[in-house]
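J.: First the structure, then my questions, so here it is.
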Amino acid sequence: MPGQCAAQAVREVLTMAPVTLAPSPITPTVDFDRDGVQHGFLRLPYSRDDSAWGSVMIPLTVVRNGSGPTALLTGANHGDEYEGAVALFDLAQTLTADRVAGRVIIVPAMNYPAFQAGTRTSPIDKGNLNRSFPGRPDGTVTQKIADYFARELLPLADLVMDIHSGGRTLDFVPFAAAHVLPDKDQEARCFAAVAAFAAPFSMRMLEIDAVGMYDTAAEELGKTFVTTELGGGGTGRAETIAIAKRGVRNVLRHAGILTGGQAAEGQSAGSQPVEASRWLDMPSGDCFRFAEDSGLIEACVDLGQPVRAGDLLARIHPIGRTGLAPAEYRAALDGILAARHFPGLVKAGDCIAVVGTVES
Ligand SMILES: [Zn+2]
């Protein structure tokens with residue numbers, strides 16, 4: 001009877017085993033369990049017009065010395081953010097196994113196609129890697145990268161550090177950050193690593209929308225996770241690159257994975273003492289200011305400057321004709337200007353400012 005068939009079908013669906021995902025199509029050219037330094041690739045098959053059986057070759061380095069914790073270090077999750085890529089290409093080239101207790105996995109340019117194009121998202125599929133987790137083994141190139149990190153690399157790691165900057169459209173005061181988490185032991189581990197990074201600022205970070213983020217995938221697996229925002233504007237500066245290089249080593253040393261060397265926390269590569277990190281918070285969505293107008297932005301406050309609730313952050317001038325008053329955007333909280341829109345022209349919907357509150 002049709003009714004029985006339907007009931008049987010429902011029972012079959014309810015008793016079905018959980019869907020098992022296909023294996024990742026990505027092949028590492030390194031052995032993650034071998035001691036020593038290995039420079040290789042994550043090879044992702046990508047058939048296309050100019051290479052029928054071609055691949056995306058994502059560079060990576062694995063440095064292992066015996067048993068011990070594993071750090072997974074990534075840059076250029078967004079392809080137009082450079083401090084992480086510079087710091088990690090440099091670390092990959094200089095780190096020797098005798099300095100390591102455990103394992104360091106270094107992927108300087110996580111969304112490699114986006115990094116090659118100098119764009120936030122991938123030119124292949126327009127994928128924003130940091131909105132693509134947990135990814136799919138049978139999805140687009142970006143989804144396949146996310147899936148490989150989610151199912152293969154994150155489970156290997158104890159400590160996960162993903163180095164971001166503002167990219168072409170945002171600029172930040174340099175900070176390391178972690179998120180408020182339901183597991184307070186994990187949260188404490190994350191903020192201890194943020195403190196160890198010793199950036200000029202340390203942030204309790206609120207995300208506009210955490211769904212699909214690598215951060216969330218790592219945190220849900222219980223990992224100690226640190227992220228950063230170290231500048232922006234689609235370039236890296238000497239100061240922010242030095243902060244990234246120093247911070248990576250500081251966190252590895254904090255985790256007991258990097259041994260030896262002389263540059264301790266709070267010392268720059270040139271042994272200039274670094275001022276103590278200032279802690280910032282993003283207590284609510286009131287931190288963010290989004291444009292409701294398009295036009296020419298007039299910055300009224302620079303990054304790092306103090307602001308009070310009600311202070312003018314920026315004005316947006318209409319550009320279609322002269323004689324029109326600019327729209328005014330004011331701070332909703334006391335704090336400092338922690339981030340700002342970078343290009344001189346804005347569109348409605350753009351994030352134009354972030355105010356971080358200063359923790360006493
Ligand atoms: Zn980013």
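J.: Tell me the carbon and sulfur percent of the accessible area for the chain, rounded to whole percent, probe radius 1.4 Å.
T.: Result for the chain: 54 percent of the exposed heavy-atom area is carbon or sulfur.
J.: Could you give me the ³J(HN,Hα) list for the range 251-257, computed from phi with Karplus coefficients 6.51, -1.76, 1.60 and θ = phi - 60°, whole Hz, x at Gly and Pro?
T.: Calculated HN-Hα couplings, in order: 5, 4, 5, 4, 7, x, 8 Hz.
J.: Taking only Cα atoms and a 10 Å spring cutoff, compute GNM fluctuations for the chain and point out the largest among T322, T227, T61.
T.: T322
J.: For the range 236-250, just list the computed ³J(HN,Hα) in residue order, Karplus coefficients 6.51, -1.76 and 1.60, θ = phi - 60°, integers in Hz, with x standing in for Gly and Pro.
T.: After applying 6.51 cos²θ - 1.76 cosθ + 1.60, I find x, 10, 4, 5, 6, 5, 5, 4, 5, 4, 5, x, 4, 5, 4 Hz.
J.: In the range 43-83, what chymotrypsin sites (Phe, Trp or Tyr not before Pro) fall in a loop by DSSP, with at most 10 other Cβ atoms inside 10 Å? Write out the running numbers ahead of the final one.
T.: Values: sites: Y46, W53, Y82; in loops: Y46, W53, Y82.
Loop-located and lightly packed - W53.
J.: Right, next: Let me spell out the model: positive unit charges on the Cβ of Lys and Arg, negative unit charges on the Cβ of Asp and Glu, origin at the Cα centre of the range 162-207. What dipole size does that give, in debye rounded to 20?
T.: So the magnitude is around 100 debye.
J.: Right, here's the next one. With a 1.4 Å probe and every protein chain left in place, work out the accessible area per residue of the chain in Å², rounded to a whole number. Numbers along the way, then the final one.
T.: Working: 16540 Å² over 360 residues.
Here the residues of the chain average 46 Å² of exposed surface.
J.: Would you please name the GluC sites (Glu not before Pro) within the range 282-360 that are DSSP coil residues with at most 14 other C-beta atoms within 10 Å of their C-beta?
T.: Listed in order of number, the matching sites are E292, E359.
J.: Say we join alpha carbon atoms closer than 10 Å with springs in a Gaussian network model of the chain; which of E220, E229, E83 then has the biggest fluctuation?
T.: Of E220, E229, E83, the Gaussian network model singles out E220 as fluctuating most.
J.: Counting only residues 5 or more places away or on other chains, whose amide H sits under 5 Å from the amide H of A314 once H atoms are built in the peptide plane?
T.: Counting only residues 5 or more places away or on other chains, the set is C300, Y329.
J.: Can you work out ³J(HN,Hα) from phi for every residue in the range 338-346, in order, using Karplus 6.51 cos²θ - 1.76 cosθ + 1.60 and θ = phi - 60°, giving whole Hz and x for Gly and Pro?
T.: 9, 8, 8, 5, 8, x, x, 9, 10
J.: Taking amide H positions as placed 1.01 Å from N in the peptide plane, with prolines and chain starts having none, which residues 5 or more places from F290, or on another chain, fall under 5 Å of its amide H?
T.: Those lying under 5 Å, H to H, from F290 are I352.
J.: Using amide H atoms built in the peptide plane, which far-off residues or other-chain residues are under 5 Å from V307 H to H?
T.: When sequence neighbours closer than 5 places are left aside, the close amide H contacts are G335, I336, L337.
J.: On a straight-distance basis, which lysines could pair with K223 in a cross-link, Cα separation under 18 angstrom, same-chain partners fewer than 8 positions away excluded?
T.: Within reach: K184.
J.: Right, next: Nearest 5 percent is fine: what portion of the DSSP beta bridges confined to the range 159-228 is antiparallel? The partial results should precede the final answer.
T.: On the way: 2 of 12 bridges.
So the antiparallel bridges amount to about 15 percent of the total.
J.: So if I place +1 on the C-beta of Lys and Arg and -1 on the C-beta of Asp and Glu, and nothing else carries charge, what would the dipole magnitude of the chain be about its Cα centre? I want it in debye, nearest 20.
T.: On the way: 31 positive and 41 negative charges, 86 e Å.
Dipole about the Cα centre, nearest 20: 420 debye.
The values are calculated or read from the model by the stated rules, or taken from the named source; none is laboratory data. The structure displayed is predicted, hence computed values, not measured ones. Every residue, glycine as well, gets a Cβ built from its backbone with ideal geometry; the counts of neighbours run over all protein chains shown. These area figures cover heavy atoms from the full protein model, side chains too; ligands, DNA and RNA do not enter into them. Shrake-Rupley method; radii C 1.70, N 1.55, O 1.52, S 1.80 Å.
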